[in-house]
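Input: a single structure, listed below in structure tokens.
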Amino acid sequence: MTIDPTTLLAIAMIFVGSFVQTAIGFGLAIVSAPILIIIAPQYVPAPICLVALFISLLNSLKHRNSIELGGLKMAILGRIPGSIAGAMLLIFISTQTLSLWVGLLVLLAVFISLMPFRIEPTPRRMVIAGFFSGLFGTSSAIGGPPMAILLQHQEANQLRGNLSAFFVFSSIISLITLIPVGFLNIEKLWLTLPLLPAAWAGYWLALKTTQSLPKQTIRYGALTLCLCCGIIAVYKSMM
């Protein structure tokens, strides 16, 4: 049995994205969604969200001793209305408009993060970051940047663990909100199945090669990935 080129591309993107997410705590959707939404839009957002749930569960178990659920509860609360708003955007706003908006907001967040002052993850900011993570994650599968920017100063394993735990809850919320608007069904589940072995392979390779990365490397890697995400989203909106 042969595998069509579109499926091979999706498998490759998921492998690289899972490697990046395991290495720095997020990045699966940022790596895979911008390319797949252009070449194979059927994989965005539901199949990517399903794979994100799978990878986040693995990483949460790996870094479970570094997770602080108490600090994440406000972000999870913000995620719920954000996900509902994101599902509505899929119905009422064009992909180009959404991509431009997401890109500009991510670029603004990166710029703020590079300023000489430090943004502390207060409860109010966690709610706001959770809301925008839900908005972006449900509508485009790219929900990592708001939380990654807010938590960027945490110790490396703490950052990986907290982001992974947040993404477990947020992926479930996004998937639930995608059902009534028709973006999650049996067809999407079948599309996801071939991606799971690639996700596991990317996760395994990252564990073997990147787990000793220092905090600053993780931080700058996350900011660079957010920057690329913003630029690609803006570029995509102009095509």
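The values are calculated or read from the model by the stated rules, or taken from the named source; none is laboratory data. Computed from a predicted structure; not experimentally measured. Methodologically, a virtual Cβ is constructed for each residue, glycine included, from the backbone with ideal geometry; neighbour enumeration extends over all protein chains shown. Accessible surface areas use protein heavy atoms only, side chains included; no ligands, DNA or RNA. Shrake-Rupley method; radii C 1.70, N 1.55, O 1.52, S 1.80 Å.
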Discussion item. Just to confirm my filter: which helices (runs of 4 or more DSSP H) fall fully inside the range 157-239 and include at least 2 residues that are hydroxyl-bearing (Ser, Thr, Tyr) and without any contact (Cβ under 8 Å) to a residue 40 or more places away in the chain?
Written reply: 215-237
Worksheet item: Which residue, of ALA33, ALA46, ALA40, ALA10, is without any contact (Cβ under 8 Å) to a residue 40 or more places away in the chain, over 20 Å from GLY161 (Cα atoms) and among the small types (Gly, Ala, Ser)?
Response: ALA40
Worksheet item: Mind checking which residues of the range 95-148 are under 15 Å from ARG219 (Cα atoms) and surrounded by 24 or more Cβ atoms within 10 Å (Cβ to Cβ)?
Response: GLY144, PRO145, PRO146, MET147, ALA148
Response to the item:
Listed by first then second residue, the pairs whose first member lies in the range 54-68 and is open to solvent by less than 100 Å² (accessible area, probe 1.4 Å), whose partner is of a type in the set (Lys, Arg), with beta carbons under 6 Å and at least 6 positions apart or on separate chains, are HIS63/ARG160
Fill in: Hits in the range 27-69 - residues which are small (Gly, Ala, Ser) and outside any helix (DSSP H, G or I)
GLY27, ALA40
Practice prompt. Go through SER133, SER139 for me and flag whichever is in a helix (DSSP H, G or I), in contact with a Gly (Cβ under 9 Å, 6 or more places away or on another chain), hydroxyl-bearing (Ser, Thr, Tyr) and modelled with pLDDT of 90 or more.
Written response: SER133
Worksheet item: Which residue out of LEU77, LEU72 is closer than 15 Å to MET147 by Cα, in a helix (DSSP H, G or I) and either open to solvent by 40 Å² or more (accessible area, probe 1.4 Å) or in contact with a strand residue (DSSP E or B) (Cβ under 7 Å, 6 or more places away or on another chain) (or both)?
Response: LEU77
Worksheet item: Can you tell me which residues in the range 16-44 are open to solvent by 60 Å² or more (accessible area, probe 1.4 Å) and either more than 25 Å from PRO146 (Cβ to Cβ) or touching a Ser or Thr at 6+ places or on another chain (Cβ under 7 Å) (or both)?
Response: ILE39, GLN42
Worksheet item: Within the range 178-186, is there a residue that is at pLDDT 90 or above, over 13 Å from CYS49 (Cα atoms), crowded, with 24+ Cβ neighbours inside 10 Å and of a type in the set (A, V, I, L, M)?
Response: no
Discussion item. Name the single residue that is surrounded by the most Cβ atoms within 10 Å (Cβ to Cβ) among those in the range 193-232 being over 20 Å from GLY144 (Cα atoms) and among the hydroxyl-bearing types (Ser, Thr, Tyr).
Written reply: THR209
Discussion item. Please go through (1) under 21 Å from ILE37 (Cα atoms); (2) among the hydrophobic types (A, V, I, L, M, F, W, C); (3) crowded, with 24+ Cβ neighbours inside 10 Å for LEU151 and return the number of the only condition it doesn't satisfy.
Written reply: (1)
Response to the item:
Counted residues in the range 94-123 being under 19 Å from ILE76 (Cα atoms) and touching a residue at least 40 places away in the same chain (Cβ under 8 Å) come to 2
Response to the item:
Reported set for the range 224-237 where residues are among the aliphatic types (A, V, I, L, M) and at pLDDT below 80 is ALA233
